[in-house]
Amino acid sequence: MNCRIPVKNPDGSAAMPTKGSRARRWVRDGKAIGKWNDLGIYYVQLIQEPSGRKTQPIICGVDPGKFYSGFGVQSSQATLFRGHAVLPFKRVKERIGAAVIKKGKVIKNVRGRALQRRARRGRRINRHLPFAQRSHRQKRFSNRIQSKLPPSIKASRLMEIRIVKELCTIFPLTKIVYEIVKADVDLTSGRQSARLGKGFSPVMTAQYWCIEQLEKLAPVKKMYGWQKDGNGTSQIRKYLGLFKDKQNKKNPVPETHAVDGVALAASEFVGFKAFHTKNSRGHEWKGQTKITDSPFRVITRPEYFRRALHFDNPLKGGGRKRKGGTITPFGVRFGDYAEATKAGVSYRGWIGGYTNASKTKNLSLYDANWKRIGQFAISQVRLLRRNNKLCIA
């Protein structure tokens, strides 16, 4: 695979990518140092000042979704990166929510935070006293008027921002093309619809908030995927000859979501534009760009639980059972990337659990999909990289 290698200047700023053969020669001759960033992309950093710092336009395309997002970095000469992000929307939504169960039946769904708050209030209030003498308090603020984003949607947008920030450190991005999703809410049914034009959608609010954050990194161009003037995402993708698998969108391959990121980035170099001559007029494709092979990464988040101090009622004696947390008694933390050996076979993964019994002290390693690879003895585990809150496959 002959891919372009990202380059950094001695001061850490991004330079134009170079050919792999030239990057290897720089490292061999001591002119550069090879490194890896948090997205698992190999790049080289120059030791001496380069002869020039001129850059060409490099565009980043972001195709946001509900469960998955696609990323593409494109120049006029080559495709530089393709990414498939597995968003934490469903996982965050499940962990915030909780169910009230009576006699084995779910009678009411209550958010986990509300459930914990009710438990704390129940422990504080002495219900043997008359109501007027109980330790109730007046509300400090109205929780019916809020401007915050839903945690599940915000977590997805924050992950997209994190990925673009990492790309900005190794590529001199000149523009970010962000696809706009129009999803209003029908006030009668409460369901989201593509083009109702009325109501309010937190999805749209979150994407405009995300654009405001991305504009701090580079200028952002908003683009609709469904527009019919020839310059929509699907039309550009078909013109470039990129195939998209619409039947198996869960598959972590470039043909599901990353191709849309590449098409969005390529929209800055090609377009369906009007022409007018002496004898005719109409529209035609103008511009040129090259679609080449490039590194492809599947990006997820580790699925460990954070520490919950008030998850349940106290046990007898005032203690609370352990729930979540990232600290282990062995000098490593959940989410650290490590290598373990068992029966002469080496495994690499992320630390996600441990056993600290009197005779058994093990660490559990998980893959990028957070499926356990196995349990390994402490002496057979070697730390490779500290937790950066990303899992790269």
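A short reminder: the numbers here are calculations on the coordinates, not readings from a lab. Keep in mind the model is a prediction, meaning the values are calculated, not measured. We place every Cβ from the backbone using ideal geometry, glycine too, and count neighbours over all the protein chains shown.
Tabulated results
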| item | result |
| --- | --- |
| In degrees, nearest ten, helix 151-170 long axis to first principal axis of the chain (Cα) | 40 degrees |
| Distance in nm between pseudo-label sites at ASP29 and ARG53 (7 Å out along the Cβ direction from Cα) | 2.2 nm |
| Gained length - ASN37 relative to SER358, 0.36 nm times residue gap less alpha-carbon distance | 111.7 nm |
| Cross-link pairs beyond the 25 Å C-alpha cut-off, checked among LYS66/LYS238; LYS54/LYS238; LYS31/LYS175; LYS93/LYS250 | LYS54/LYS238; LYS31/LYS175 |
| Extension gain from LYS250 to ASN9, taking 0.36 nm per residue of separation minus the Cα-Cα distance | 83.0 nm |
| Calculated [θ] (222 nm, deg cm²/dmol) that DSSP helices of n ≥ 4 give over the chain, each run adding -39,500 (n - 2.57) | -6000 deg cm²/dmol |
| The chain, relative contact order in percent, only Cα pairs under 8 angstrom and at least six apart counted | 17 percent |
| Residues LEU80, LEU129, LEU365, LEU149, sorted so that the one with the fewest Cβ neighbours within 10 Å comes first | LEU129, LEU149, LEU365, LEU80 |
| Dipole moment magnitude, nearest 20 debye, the stretch 302-393 about Cα centre, only Lys, Arg, Asp, Glu C-beta charged | 280 debye |
| 0 to 90° range, to nearest 10: angle between helix 112-124 axis and the chain longest Cα axis | 30 degrees |
| Per residue, the convex hull volume that the Cα atoms of the stretch 302-393 enclose (Å³) | 112 Å³ |
| Pairs of alpha carbons in the stretch 30-71 whose separation is greater than 15 Å (percent) | 68 percent |
| Taking only Cα atoms of the chain, radius of gyration then Dmax in Å | 25.8, 93 |
| Among VAL259, SER346, LEU129 - extreme Cα towards positive end, dipole of the chain, charges at beta-carbon | LEU129 |
| Ranking of SER364, SER156, SER147, SER135 by count of other Cβ atoms within 10 Å, fewest first | SER147, SER135, SER364, SER156 |
| Sorted by Cβ density within 10 Å, fewest first, the residues PHE81, PHE171, PHE67, PHE272 | PHE67, PHE272, PHE171, PHE81 |
| Net +/- balance of residues flanking GLN77 in space, Cβ distance below 12 Å, scoring K and R +1, D and E -1 | +3 |
